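The values are calculated or read from the model by the stated rules, or taken from the named source; none is laboratory data. Just so it is clear, the model here is predicted, and its values are computed rather than measured. Positions of Cβ are generated from backbone atoms using ideal geometry, with glycine treated the same way; all protein chains shown enter the neighbour counts. The accessibility values were calculated without ligands, DNA or RNA, using every heavy atom of the protein model including side chains. Shrake-Rupley method; radii C 1.70, N 1.55, O 1.52, S 1.80 Å.
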Amino acid sequence: MVLKTLTGNYAVATAVKLARVKVVATYPITPQTTIVEKLAEMVETGELDAEMIRVESEYSAMAAVYGAASGGVRAFTATSSHGLLYMHEMLWWVAGSRMPLVMAVVTRSIGPPWNIWTDHSDIMGQRDAGWLITFSENSQETLDETLKLFRITEDERVYLPGIVTLDAFIMSHTSEPVDIPDQSLVDAFLPPRKQPYVFKAGDPIVMGNMPRDLKWNMMVREDMCRAMERAKRVIEEADELWGKLTGRKHGGLTDCYRCEDAKHFIVGMGAWTGDMRDAVDHLRDRFGLKVGLIKVRYFRPFPSEDLIKWLNNAMSVVVFDRSVSPGAEGPLYIETVSSLASSGVRSPVKNVLAGLAGVDLAPADISNVMLASVEEVEELGAFKQRVTWFYGGE
Amino acid sequence: MPISIKDLPKEKYVLPGDTACPGCPENMGLRFVGMALGGKVILVIPAGCTSIIQGLAPGSGLNFPILNVPFASSDAVAAGLSAAKKILGEDAVVVAWAGDGGTADIGFATLSGSAERNDNIIHICVDNEAYMNTGIQRSSQTPLGAWTTTTVGGKKERKKDLPLIMLMHRIPYVATASVAYPIDFIEKLRKASTIRGFKYIHLHSPCPVGWRFDPMYTVTVAKLAVETGMWILFESEDSKVSISPSSRPYLDKSKRKPVKEYLSMQGRFRNVTDEVLKEIERQVDENWSTLLKLAA
């Protein structure tokens, strides 16, 4: 192992190299760009033995890596924001084809107006496509999770594509020390590529023509849901094995911080879960409040069981969303509430919409929100408002 | 090497159970692809008539490996697939088989990008001159004056000259072909398969349903397109353009049949006025003249 200072984007590129990816196709978009540049450099210098297809759009990037994966090799792409939206149609096609494939998404807001800072609108717009979606908190987790995704997506119990996300700039361009595993360790962790079928000349298989019975078409969707369910176990196993090999376990679908005796909970995902940890420490150490953090590491498959387990006896829950579905609420809130309701958990849950368009949220802001929320629930036994917009500050 | 029909492989690539309309030119084209390249082919097929023609899963009416893909994506998927086959050291000819929509319109950026990168694939544009699969709507390949369900008074614009646009990409091989001239098409396919890089073949494919003629006349109409000079068979290797033998007689304008003969066989041109006819005739001359300048 080597300790190196890496940005989140370089951590992704390093993981791609270690995974021995054979085809890379990408189209540059801020702030994903340095992933593309690094990979192009690695291919050019021979550090990475792969074909680089320098496509003319994100749509073609996803199409090209899909073609490569269907041809039997490990492939990778990365994008962000509008680029991800431009890929949308292909994302459904890849997942419906049950083709293992890994992509990094540097989460960035959607225009108008133009804006390059982080929020989760881009990735949340892809939640129904059938991809595994994981959020990371720091560059180490980004590197580790990218590698794990290759193993998880190529597991025959899953055979679905996966996305590792990292927040724009906060992670993509911020340097942190990252433990880089040896190639031999990665090779031991990551078996040769497996996939459900490979396109070859002389083998007349057909993918995607119309089915004789529409029920088969519906069953394709049902089977993807079942694979997502099975993926929960596969994700846990990958985390266990990675922990054994490297000493680093990030948790399976969720990571609970100071949850054991917690009465009030923060639920969040992505880079700001680091700030949420600070807020939890502050609220506990300074105010003696029993606050815990549930960091949602995988949004797909959604960790319903974990949330039910942790929030069963919660006095209050505040879900921070970095994106919103106009006409409803934040997606993490919607799914948290739905999971809890499905098993009869009646804890008060509030949605704080914050950090959209890159509006900064400091640990102190999170602490203030929590102080007010705890006070409100202790006084009223419930939240006055289900959803609040919070711009930081007082 | 000259090809004779009796030497072509007997293996069938279009099987009973396909769901093409009677007189469909796409099935003819696919048969010729099989005869030319046989088991070396992997087809990448975007949305279009051939999505339907191949028949219903879990069966297939086509004896090729087929990766069906979204409308605008075929060349990029084919490029990735071709890269994978190269990496794995497998012998394969990856063919993007797309209609005029998937090639000239919605798929055009993808096509142009792939051509510019010189990806090692063959793109065949199966041109039936409108969006036939959705029920005969106009495309950029619909000719001037033609009726479609979105140009009920006849199309006001002329056909975009896609083969020449592809020629200007300076790719190693560009050719036009017609379903009425299988030997010419097969020769071009075989030549294309020996060239590394991006190969473009534009296959003129008269559609009985969309062009409003009896399905027994698919070949007749396709032949007339060549004999009237409306469709010119040519090929270009490394930007050297040559008119193909079947079109060569029509270099001489006096040898060409009247354009009206071609138009009058098709219901879609029923309401073409004399003025529009004159303009179509002028465009035929102009197309020849442009091509001959490039061939010189």
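Which of the residues spanning the range A:246-276 are of a type outside the set (Gly, Ala, Ser) and in a loop (DSSP other than H, G, I, E, B)? A:248, A:249, A:250, A:253, A:258, A:259, A:260, A:261, A:263, A:269, A:272 - these are the residues of the range A:246-276 that are of a type outside the set (Gly, Ala, Ser) and in a loop (DSSP other than H, G, I, E, B).
Candidates B:158, B:190: the one that is under 17 Å from residue B:97 (Cβ atoms), in contact (Cβ under 8 Å) with a residue 12 or more places away in the chain and not hydroxyl-bearing (Ser, Thr, Tyr) is B:190.
In the range B:240-251 there is no residue matching the filter, namely being charged (D, E, K, R) and closer than 20 Å to residue B:22 by Cβ. Of the residues that make up the range A:308-316, is at least one farther than 28 Å from residue A:110 by Cα, over 21 Å from the mean Cα position of the chain (by Cα) and part of a strand (DSSP E or B)? Yes; the residues of the range A:308-316 include at least one that is farther than 28 Å from residue A:110 by Cα, over 21 Å from the mean Cα position of the chain (by Cα) and part of a strand (DSSP E or B).
Quick one: would you say residue A:176 is without any contact (Cβ under 8 Å) to a residue 60 or more places away in the chain, of a type in the set (D, E, K, R) and surrounded by fewer than 23 Cβ atoms within 10 Å (Cβ to Cβ)? No.
Of all residues in the range A:316-365, exactly one satisfies the criterion of being open to solvent by less than 10 Å² (accessible area, probe 1.4 Å) and at positive phi, namely A:355.
Taking the conditions exactly as written (more than 12 Å from chain B (Cβ to nearest Cβ), touching a His at 6+ places or on another chain (Cβ under 9 Å), part of a helix (DSSP H, G or I) and at pLDDT 95 or above), does residue A:243 satisfy them or not? Here the answer is yes, as residue A:243 does meet what is asked. All conditions but one from (1) in contact with a helix residue (DSSP H, G or I) (Cβ under 9 Å, 6 or more places away or on another chain); (2) touching a residue at least 12 places away in the same chain (Cβ under 8 Å) apply to residue A:313; the one that does not is (1). Counting only helices (runs of 4 or more DSSP H) wholly contained in the range A:1-105, the ones carrying 1 or more residues that are farther than 21 Å from residue B:82 by Cα and among the β-branched types (Val, Ile, Thr) occupy A:8-18, A:33-45. Residue check: residue B:251 meets all listed conditions (1) open to solvent by 70 Å² or more (accessible area, probe 1.4 Å); (2) out of contact with any strand residue (DSSP E or B) (no Cβ under 9 Å at 6 or more places or on another chain) but one, namely (2).
Within the range B:41-67, restricting attention to residues that are open to solvent by 10 Å² or more (accessible area, probe 1.4 Å) and hydroxyl-bearing (Ser, Thr, Tyr), the residue that is farthest from the other protein chains (Cβ to nearest Cβ) is B:51. Scanning the range B:68-87 for residues being among the hydrophobic types (A, V, I, L, M, F, W, C), facing another protein chain (nearest Cβ under 7 Å) and surrounded by fewer than 24 Cβ atoms within 10 Å (Cβ to Cβ) gives a total of 1.
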